[in-house]
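Student: Here's a structure for you.
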Amino acid sequence: MKLKFSRRKLRKVGEMTLLFMIASFVLFHLLNIFFPVKVDIPYSQQILAKDNSVMYAFLSKDDKWRMYASPAEISPDFRKTILYKEDKYFYWHFGINPIAIVRAAFNNIVYHKRTSGASTITMQLARLLYPQERTYLNKITEMFRAIQLEHDYSKSEILNLYLNLVPYGGNVEGVKAASMIYFGRQPDKMSLAQMTTLAIIPNRPGSLRPGRNTDLIVAARNKWLKRMKDDHLFPEEMMTDALTEPLEAKRSDLPKYAPHLCYRLHQQNPDVPVVHTTINLLHQQQLVAATRSYTKRLSQYGIYNSSVFVINNKTHAVEAYIGSPDFNDFDHAGQVDGVQAIRSPGSTLKPLVYSIAFDYGLMTPKSVISDVPVNFGGYAPENFNSKFNGNVTVEFALSNSLNIPAVKTLNMIGLKSLTGKMRDAGFGQAVQAEKTLGLSVYLADVV
């Protein structure tokens, strides 16, 4: 009888356990439907050069330096370091580590204080996404959110989200922003000592802030480096170098290359976290230096600004963009983008006018045209030097930028032929002003 009773009891316990598991499964999915986890992170916009280096960055909507880093930008060594420090069993648990929770609860009861943490990286991510006061009820909510995250995202996605949100003091969040601001380098270019420094700061972002308590940071860093060395986490030589590496970290400004272009792209794509460009950063820096030197020589003539726009003829990619020599030159309107600034087209339209005449078969480069005084219904064009050259070839007129032959050619092909070509090329203002333009279009603002 006792044996039968025991079997019946065990079967009942099994049935209750199965029922509990089914009920928990159903309850979780119902709660997941009605209270879905939302991942809506306002990142700082980054403008990247062709080689993916940062040219410029803008504060996020909530005034944080929080720069998105893709998994490819985070080195495997840093992932190994952060997992060793924060969550060794990250790839084995389902968002919650039951053993760690039991251990933490036991220590809290026995020692009446927290002696070890039980938060997994997934739970920490849940807390970063949904910051709340640290209470037992909120801890339960945090666990639920962690399970939701594990249900909706892969381990790689969860780890990457965590690394993009982890706090580093002040308004700096995420590994990429921290490595750029404190070490001046991309996250995949950090040394082991730098990686360990960024691994320990999130637990104490207030007291372990680079540039302030250097000795305290080095002591905490080396403590964890010695633990990693004892566990042979990295090669011996690498660990030795990391332990002796001085901490050279301070808060510095992010890169500010091609500011006119970056502000332009920021206005055009305000909600895109990462904007890629074809700018060749080496060429950009070389041209900035050359433009500043050239403009400095021109300053003696009262010329303080210049702009450069470089396009690769083969690929049509923009490789350099300089709106002005010095963006911060407020005395000479340095923030005005000379590349986009509306100006008189001047002689730049002359080749287009002659090419249309060539297309129509009205003339060739060797055709002769007279450069003599002429009057078109009250409009009497003059050359820049107020001189006349008599009969000249078209190529001579173009190479010497003569106005009278160009106006004669425009009169020959008709203004609508010119504005039609400009419309096809995307000169919007020329289309808008088409009805008001005349033969003096060379002096009109139609760009």
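Student: Where the second residue is assigned to a strand (DSSP E or B) and the first is within 11 Å of Asn403 (Cβ to Cβ) and lies in the stretch 371-390, which pairs have Cβ atoms under 6 Å and are six or more apart or on separate chains?
Tutor: Short answer, once both residue conditions are applied: Asp371/Val392; Phe388/Asp371.
Student: Could I ask something else about it? Scan the stretch 34-65 residue by residue and report those that are of a type in the set (Phe, Trp, Tyr), assigned to a strand (DSSP E or B) and in contact with a Phe, Trp or Tyr (Cβ under 8 Å, 6 or more places away or on another chain).
Tutor: Result: Tyr56, single match.
So that you can scan it fast, the table gives a plain yes or no per residue for (1) at pLDDT 65 or above; (2) of a type in the set (S, T, N, Q); (3) exposed (fewer than 10 other Cβ atoms within 10 Å of the Cβ); (4) over 23 Å from Asn164 (Cβ atoms):
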residue	(1), (2), (3), (4)
Leu10	yes, no, no, yes
Leu18	no, no, no, yes
Val37	yes, no, no, no
Tyr43	yes, no, no, no
Ala49	yes, no, no, no
Asp62	yes, no, no, no
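Student: Same structure, new question: Would you be able to tell me the number of residues in the stretch 182-215 that are surrounded by fewer than 23 Cβ atoms within 10 Å (Cβ to Cβ), under 17 Å from Gln46 (Cβ atoms) and touching a Lys or Arg at 6+ places or on another chain (Cβ under 9 Å)?
Tutor: Residues meeting the conditions: 2.
Student: Report yes if Ala333 is hydrophobic (A, V, I, L, M, F, W, C) and on the phi > 0 side of the Ramachandran plot, otherwise no.
Tutor: Criteria met by Ala333.
Student: Could you please find all residues in the stretch 320-347 being loosely packed, with under 12 Cβ neighbours inside 10 Å and either closer than 21 Å to Asn383 by Cα or in contact with a Leu (Cβ under 6 Å, 6 or more places away or on another chain) (or both)?
Tutor: Passing the criteria: only Arg343.
Student: Has the stretch 159-180 got any residue that is over 26 Å from the mean Cα position of the chain (by Cα) and surrounded by fewer than 23 Cβ atoms within 10 Å (Cβ to Cβ)?
Tutor: There is no residue in the stretch 159-180 that is over 26 Å from the mean Cα position of the chain (by Cα) and surrounded by fewer than 23 Cβ atoms within 10 Å (Cβ to Cβ).
Student: Output the qualifying pairs, or none if there are none: Cβ atoms under 7 angstrom, residues six or more apart or on different chains, first residue in the stretch 264-286 and at negative phi, second residue surrounded by 15 or more Cβ atoms within 10 Å (Cβ to Cβ) and part of a helix (DSSP H, G or I).
Tutor: Val275/Leu265
Student: Okay, next question. Quick one: in the stretch 381-400, of everything that is in a strand (DSSP E or B) and not β-branched (Val, Ile, Thr), which residue is surrounded by the fewest Cβ atoms within 10 Å (Cβ to Cβ)?
Tutor: Filtering the stretch 381-400 for residues that are in a strand (DSSP E or B) and not β-branched (Val, Ile, Thr), the one surrounded by the fewest Cβ atoms within 10 Å (Cβ to Cβ) comes out as Gly390.
Student: Moving to a separate point now. Need at least 2 residues that are at pLDDT 90 or above per element, so show me which helices (runs of 4 or more DSSP H) inside the stretch 83-173 make the cut, counting only ones lying wholly within it.
Tutor: Details: elements: 98-111, 121-129, 136-152, 155-165.
Ranges flagged: 121-129, 136-152, 155-165.
Student: Pick from the stretch 291-313 the residues that are among the aliphatic types (A, V, I, L, M) and farther than 17 Å from Asp329 by Cβ: which of them is surrounded by the most Cβ atoms within 10 Å (Cβ to Cβ)?
Tutor: Checked the stretch 291-313; the qualifying residue surrounded by the most Cβ atoms within 10 Å (Cβ to Cβ) is Val310.
Student: Select from the stretch 228-255 the residues that are touching a Leu at 6+ places or on another chain (Cβ under 7 Å) and either outside any loop (DSSP other than H, G, I, E, B) or exposed (fewer than 12 other Cβ atoms within 10 Å of the Cβ) (or both) and list them in ascending order.
Tutor: Met238, Met239, Ala242, Leu243
Student: Something else now. What are the residue pairs meeting all of these: first residue in the stretch 206-228, first residue in contact (Cβ under 8 Å) with a residue 12 or more places away in the chain and assigned by TED's automatic domain parsing to the domain that holds Met195, second residue crowded, with 20+ Cβ neighbours inside 10 Å and among the hydroxyl-bearing types (Ser, Thr, Tyr), Cβ atoms under 7 Å, and 6 or more apart or on different chains?
Tutor: Pro210/Tyr182; Ile217/Thr197; Arg221/Thr196; Arg221/Thr197; Trp224/Thr196; Leu225/Thr196
Student: Continuing with the same structure: Which residue is nearest to Leu437 (Cα to Cα), if the candidates are limited to the stretch 367-380 and must be part of a loop (DSSP other than H, G, I, E, B) and of a type in the set (A, V, I, L, M, F, W, C)?
Tutor: Among those that are part of a loop (DSSP other than H, G, I, E, B) and of a type in the set (A, V, I, L, M, F, W, C), it is Ala380.
The values are calculated or read from the model by the stated rules, or taken from the named source; none is laboratory data. As the structure is a computational prediction, the values presented were derived from the model and not from experiment. Don't worry about glycine lacking a Cβ; one is built from the backbone with ideal geometry, like all the others, and counts go over all protein chains shown.
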